[in-house]
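Read the structure below first, then the notes.
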Amino acid sequence: MSSELTFRGHEAQQVNDEYSPKPNKPWLSAIRPIRYMLREQRLVFVLIGIVIATLFFTLAPSTTKSSSSFSTVHYDSHPISYFENEPKSTPYHQRAAAVVHSFGKIPLGIKRKGLRIVVTGGAGFVGSHLVDRLIARGDSVIVVDNFFTGRKENVMHHFGNPQFELIRHDVVEPLLLEVDQIYHLACPASPVHYKFNPVKTIKTNVVGTLNMLGLAKRVGARFLLTSTSEVYGDPLQHPQKETYWGNVNPIGVRSCYDEGKRTAETLTMDYHRGAGVEVRIARIFNTYGPRMCLDDGRVVSNFVAQALRKEPLTVYGDGKQTRSFQWRV
């Protein structure tokens, strides 16, 4: 007798491969944000944040109270004018006070950003005083000097200042720096010094100025050339205007300095017109003051040196010369 086993498990079932999603529950979209806020005590943290913000804005002083303190400051509404036809304009301090009133508090810690400036010839008489002024203004200064006429003692008081650097370098050789402004003062300025090596003097004026103008063009720095009244030569016009071209001698014993400065001015203006370099030219006349060398051969130093030695004061020529003097820079 045989038994027959029949498996009928899959015969009664029909497999449906089609996917049928669950029906949407309209109330689920409204409950989901509530469940999110109640999960992990998020609602408690939101309430705490609202309380803290409310306390901060309640206890913090209002800007109207602080700005009202400026209203007690009174400025003179009639500044002194030294020119009769000077246009009437609002003084700067009144405009600044108006800005304070309109905007309330001035944020603390905002001040002028210091510039990075290179001063060639910065250890000399005029250059060292310029360095003092720039550092006092808050700028970082790099002094470049070969110490032919400059002295390290003129800038020694800045040693240890992080805003001051000193490089012994001749501007006839190229120099690579990253700066915002260039003050080009490098050149011996007294007859005793610039006639000592005339070729070196004119190289400093021409090649040195070319190198500094090239640096200004490369880094986009503003360039200042310190020129001289000697560009007018032996002038026939007194006093000389900037439109006066001078009465010059290109082959004289002083021409290394005079023509060198004239060429430096030409290069400066050519770089401005041709390369778009922002330039300034300052024609400095007879300057005297502290740190001036007594043996530089200029009129004031000669008078002082002879007076200290109790010698008669020497006046060259017939005494009818005219000079424009200024007390240092």
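The values are calculated or read from the model by the stated rules, or taken from the named source; none is laboratory data. Keep in mind the model is a prediction, meaning the values are calculated, not measured. Neighbour counts run over all protein chains shown; Cβ positions are idealised from the backbone, glycine included.
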Tell me, which residue of the range 201-215 that is within 14 Å of residue 183 (Cα to Cα) and out of contact with any Gly (no Cβ under 8 Å at 6 or more places or on another chain) is surrounded by the most Cβ atoms within 10 Å (Cβ to Cβ)? 212
Among the numbered criteria (1) farther than 23 Å from residue 138 by Cα; (2) buried (at least 16 other Cβ atoms within 10 Å of the Cβ), which single criterion is violated by residue 197? (2)
Flagged in the range 242-279 as among the basic types (Lys, Arg) and either surrounded by 14 or more Cβ atoms within 10 Å (Cβ to Cβ) or touching a helix residue (DSSP H, G or I) at 6+ places or on another chain (Cβ under 7 Å) (or both), in numbering order, are 254, 261, 262
Residues of the range 219-241 that turn out to be touching a residue at least 60 places away in the same chain (Cβ under 8 Å), part of a helix (DSSP H, G or I) and buried (at least 21 other Cβ atoms within 10 Å of the Cβ), as a count: 0
Test: residue 118 is modelled with pLDDT under 90 and out of contact with any Lys or Arg (no Cβ under 9 Å at 6 or more places or on another chain): no
Out of all the residues in the range 267-322, which are in a loop (DSSP other than H, G, I, E, B) and of a type in the set (Asp, Glu)? 278, 295, 296, 311, 318
Unique residue being within 26 Å of residue 203 (Cα to Cα) and modelled with pLDDT of 75 or more when the list is 275, 307: 275
Could you identify the single residue in 260, 317 that is closer than 29 Å to residue 236 by Cα and at pLDDT below 85? 317
Would you check if residue 282 is among the aliphatic types (A, V, I, L, M) and surrounded by fewer than 19 Cβ atoms within 10 Å (Cβ to Cβ)? yes
Selection count, the range 242-268, where residues are without any contact (Cβ under 8 Å) to a residue 40 or more places away in the chain, touching a strand residue (DSSP E or B) at 6+ places or on another chain (Cβ under 7 Å) and closer than 27 Å to residue 119 by Cα: 1
